[in-house]
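Here, each number is a calculation from the coordinates, and none is a lab measurement. All values derive from a computational prediction rather than experimental measurement. Glycine gets a Cβ as well: all are built from the backbone with ideal geometry, and neighbour counts include every protein chain shown.
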Amino acid sequence: MWKTVKSVLAAFFGVQREAQRREDFTSGKPISFILVGILMGIILVLILIVVAMTAAG
Amino acid sequence: MRKRHVWMTAGMLLAALSSHTLAAEWNMPIGVTDVSREIYSLHMTIFWICVVIGVVVFGAMFYSLFRYRRSKGAEAAHFHEHTMVEVIWTAVPLLILVGMAIPATATLKKMYDASEADLDVMITGQQWRWHYSYLGEDVEFTSNLGTPREQITGDGERSEHYLLEVDEPLVLPVGKKVRLLLTSDDVIHSWWVPDLAVKQDAVPSFVNENWVRINEPGIYRGQCAELCGKDHAFMPVVVEAVEPEAFEAWLAERKAAAEAEASGVDREWALDELMERGEQVYGSICASCHQPDGSGLPPSFPALAGNQALMDDSALHIDTVVNGVAGTAMPAFSTTLNPVELAAVITYERNAWGNDTGEAIQPADIAEMMAE
């Protein structure tokens, strides 16, 4: 689970180590990446909303 | 010798670039409001950030090309991916962008805060002029292009502010927060005055907000910045910023003039009087489409000279001018012109260029019709 989160974070950032990429594609299941990706996408949006609301005071 | 020549030219070019006059001519204006100054300093900050990035990136590239050229025996390194380098070139632009976004957002917040204004002005775009209404003050007028037609057709020498002059400028007090409420009667226009750092779309059936607090008295010029049809280039904006006392005096004068105009509605007007006033109105409002000689530009803009359908039916003529014709380029002029102006221009059209109907359309009749 933590590995999946790390891989999704790397995908958000746009940089991933080749070794990790190989491992994800051999041992990981697509559905777990999709679900974690959607969840973290929502979290990112929520963080941005909070930041914007704090900035707007 | 030749080398020295190159260096001298480069030096002169640099001196010219750094001189203030050239900068003022090519750069965006610093403007006369606090917001415009902030925008200018943001613009310059971001410009210099871009210059530094450009010098570093291209410098590294040109240095590498030259230092490690093949003729000196340089060998290409063969490797695939380098996580650390990739992280750096992703993180650095991210930090630069966030660093630019923080001050830019602070300025944007100020620009959007149109609350607690001292004065509200409604600005309505119309093809092809601006209508200004001082809300709560009963003062409104239309601001038309002031450049004479012969300059546009090339028959006269162009004036200093060619196509950037109007018959009646928007007068605003300095030091006061003025809220601008923008909308349009027909198509999308955009009210743009660079010195005030305002460029706001005027969209039909929407009201957009903006505001200015002008620091220095003066005349500031701008243009419509949204392509809005045939005379898009002929609807400039002129703002005259004056001291608050002068503004109050101007406002009082405008109110008195509006009252005098209103009382003119009730009296009987003579044909000559209407013709004289109508010629003025026709020149600033109608002539750009229907032409100064009434010949029009068929098929979009029909001829008025010798237009039998209109001359036989004054009610149709009045209705066309007051309410416009749906589905054509003819707008309703009931919001642009007052009853006196409407009566005068209709009378003028019915008696000029050989349309000798001899009819004088009375302002009172137009006012009555519009009230219904």
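In this structure the amide hydrogen of B:V166, modeled in the peptide plane, comes within under 5 Å of the amide hydrogens of B:G146, none closer than 5 places in sequence on its chain. Each of B:S115, A:S7 was scored by other Cβ atoms within 10 Å of its Cβ. Listed from fewest to most, they are B:S115, A:S7.
The mean sequence distance of close C-alpha pairs (under 8 Å, at least 6 residues apart), as a share of the length of the range B:103-260, puts its relative contact order at 25 percent.
Note on the range B:263-318: along the principal axes its Cα atoms extend 39, 25, 16 Å, ordered by decreasing extent.
For the range A:3-11, 3J(HN,Hα) computed residue by residue from phi via the Karplus equation (6.51, -1.76, 1.60; θ = phi - 60°) reads 5, 4, 4, 4, 5, 5, 4, 4, 5 Hz, glycine and proline entered as x. Remark on the range B:81-135: ratio of C-alpha radius of gyration to 2.2 N^0.38 Å is 2.20.
Here the mean projected area of the convex hull built on the C-alpha positions of the range B:66-168 is 17.3 nm².
The ratio of the alpha-carbon radius of gyration of the range B:267-371 to the globular-protein estimate 2.2 N^0.38 Å is 0.96. Computed as a quarter of the hull surface, the mean projected area of the alpha carbon convex hull for the protein assembly as shown stands at 34.9 nm².
Computed per residue of chain B from DSSP H runs no shorter than four, each worth -39500 (n - 2.57), the mean residue ellipticity at 222 nm is -14500 deg cm²/dmol.
Once the C-beta distance of B:T83 and B:V51 is scaled by a Förster radius of 30 Å, the resulting FRET efficiency is 0.50 to the nearest 0.05. Taking the longest Cα principal axis of chain A as reference, the axis of helix A:30-56 is set at about 20 degrees. Equivalent-ellipsoid semi-axes for the range B:140-236 (Cα gyration tensor, √(5λ), whole Å, largest first): 24, 18, 10. For chain B, take the alpha-carbon Rg, divide it by the Kirkwood Rh, and send me Rg/Rh. Value, to two decimals: 1.14. Listed by Cβ neighbour count within 10 Å, with the fewest neighbours leading, B:C228, B:C289 appear as B:C289, B:C228.
At q = 0.14, 0.15, 0.16, 0.24 Å⁻¹, what log₁₀ I(q)/I(0) does a Debye calculation on the Cα points of the range B:319-368 give, no solvent, two decimals? Each listed q corresponds, in turn, to -0.36, -0.41, -0.46, -0.90. The Cα-based radius of gyration of the range A:2-56, divided by its Kirkwood radius, gives an Rg/Rh of 1.10.
Equivalent ellipsoid of the range B:28-79: semi-axes from √(5λ) of the C-alpha gyration tensor, largest first, are 43, 9, 5 Å. Please tell me which of these pairs span more than 26 angstrom C-alpha to C-alpha: B:K110/B:K199; B:K176/B:K230; B:K199/B:K255? Where the Cα-Cα span goes over 26 Å, the pairs concerned are B:K176/B:K230; B:K199/B:K255. Sorted fewest first by neighbouring Cβ atoms within 10 angstrom, B:H82, B:H317, B:H43 come out as B:H82, B:H43, B:H317. Each of B:L108 and A:T54 was given a label point 7 Å from its Cα along the Cα-to-Cβ line. The distance between the two points is 1.8 nm.
You can think of it this way: the chain between B:E259 and B:K230 has 7.0 nm of extra reach, that is 0.36 nm per residue less the Cα-Cα gap.
Legend: helices of chain B (whole DSSP H runs) are marked when their alpha-carbon atoms reach 30 angstrom or more along the helix axis and their mean Kyte-Doolittle hydropathy is at least 1.0; marked are B:34-67, B:83-112.
With Rh defined as the Kirkwood radius, the inverse of the mean 1/r over Cα pairs, the Rg/Rh of the range B:150-205 is 1.06.
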